Each structure stands twice: as structure tokens, then as C-alpha cells.
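The structure appears below as C-alpha cells.
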Amino acid sequence: MSIASLHMESDRLDPRRFRNVIGSFATGVAIITTELDGAYHGMTVNSLTSVSLDPCMLLVCPRRGSATGEAIRARGEFAVNILAAHQRDLSHRFVSAGIADRFTDLDVEFSPRGMPLLPGAIAHICCRVAAIHPGGDHEIVLGEVLTCSDADGHPLVFHKGAFGAFRTDA
């Protein structure tokens, strides 16, 4: 099948169909966090990728107009908390619209620049916003990595609408 024929398959792709198909790509699960004027903001994402090693950069894609996305834009900094396999409940907490303060009862730690870091995550990456681009109903936030750390553990994985864990073969 040629590239030209791919573009002529339909007038408009059904977004639910695309969501189901893209779900075939297993991703890690992370929570992006920031602080603005004494308030903590955070949201669960699986749109996270490394972009460059020189300089070290990554991108995340918060939903356009989200409180966390707006706080990241205003603060100009954010942290990525890569979740461990046992943190499924935490991922739900930070995606749920019904929770007023997602940080309640969490023993949050802080980066030297004041970014909230979630306990138990297998990695933390603190970034300064380098650019923000429109991306449909999301924004593409390019972050320059300022600091990063990791810990032992297995990552939380999302695939075809379900959570799981990745374990290497021994």
C-alpha cells in the first residue's frame, strides 16, 4: 500500500478507533507535577518521550487547558515522576477529576527548585520549559532536563486500556 492510498482511506478517522489502535503501543505511566504560588498541580500522562541527549530534553503532552498544563506554562518548570508497578492507585488519583487536592495525605518530597516529587516513583526528572507547541487537544511541552534520578523497581505499564508491570527475563 502506498503512502498516497493511506491518505485517501477515509475523510476523517474516528478518534475512538485511533485510541484503540494506538493502545497497542505499550507505554510507561508517569505523573507530571509542578508548583505555582504555593499550590501543587499534577496529572497522569503516558505521553512522555526523550527528545535529545545534547542537550538532554524530553517532551510531555498535557491536555490543553488543564490546570496542570497552565501551571507548567506559568511556572516554566515541571517534574516527571515515573511510576513503579505498585503505584496504579496513584496513577488513578492524578487522572481523576473528582479529587480536589490530589496531593492530600502524600508524603511529597521536593527538588532543590521546589518541584513536588512523588514518593515511591522509580525515577524523577526535573525540567525547565524550553518550548510549548499546539498539538490538537493537547500541548507539546518540550523540557530541558535539569536533574534526574532513578531507583530500583519495575515500571507501571499501560497497554490496551489495562495496567501491568514489565519484568525482564532472567
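Just one of (1) under 18 Å from Val45 (Cα atoms); (2) modelled with pLDDT of 95 or more; (3) surrounded by fewer than 17 Cβ atoms within 10 Å (Cβ to Cβ) fails for Leu146. It is (1). In this entry, Leu58 passes the filter for residues that are buried (at least 17 other Cβ atoms within 10 Å of the Cβ), touching a residue at least 60 places away in the same chain (Cβ under 8 Å) and not basic (Lys, Arg). Every condition in (1) buried (at least 16 other Cβ atoms within 10 Å of the Cβ); (2) farther than 25 Å from Ser66 by Cα is met by Asp152 except one, and the failing one is (1).
How many of the residues in the stretch 65-79 are part of a helix (DSSP H, G or I) and of a type in the set (S, T, N, Q)? Final tally of qualifying residues: 1.
Would you check which residues across the stretch 30-64 are more than 26 Å from Asp107 (Cβ to Cβ), touching a strand residue (DSSP E or B) at 6+ places or on another chain (Cβ under 9 Å) and either outside any strand (DSSP E or B) or of a type in the set (A, V, I, L, M, F, W, C) (or both) and list them? Result: Ser47, Val51, Pro55, Cys56, Met57, Leu59, Cys61, Arg64.
The number of residues in the stretch 115-167 being acidic (Asp, Glu), touching a residue at least 40 places away in the same chain (Cβ under 8 Å) and in a loop (DSSP other than H, G, I, E, B) comes to 1. A single member of Val141, Val129, Val145, Val157 is farther than 19 Å from Thr68 by Cα and within 16 Å of the chain's Cα centre (by Cα), and it is Val157.
Yes/no matrix, rows are residues, columns are (1) under 16 Å from Val141 (Cβ atoms); (2) surrounded by 14 or more Cβ atoms within 10 Å (Cβ to Cβ); (3) of a type outside the set (D, E, K, R):
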position	(1), (2), (3)
Ala26	no, no, yes
Gly65	yes, no, yes
Glu70	yes, yes, no
Ala74	yes, no, yes
Leu90	no, yes, yes
Phe103	no, yes, yes
Leu106	no, yes, yes
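Confirm whether Thr49 is among the polar types (S, T, N, Q) and surrounded by 17 or more Cβ atoms within 10 Å (Cβ to Cβ). So Thr49 fails the test.
The values are calculated or read from the model by the stated rules, or taken from the named source; none is laboratory data. Since we're looking at a predicted model, the values are computed, not measured. Glycine also receives a Cβ, built like all others from the backbone with ideal geometry; neighbour counts cover every protein chain displayed.
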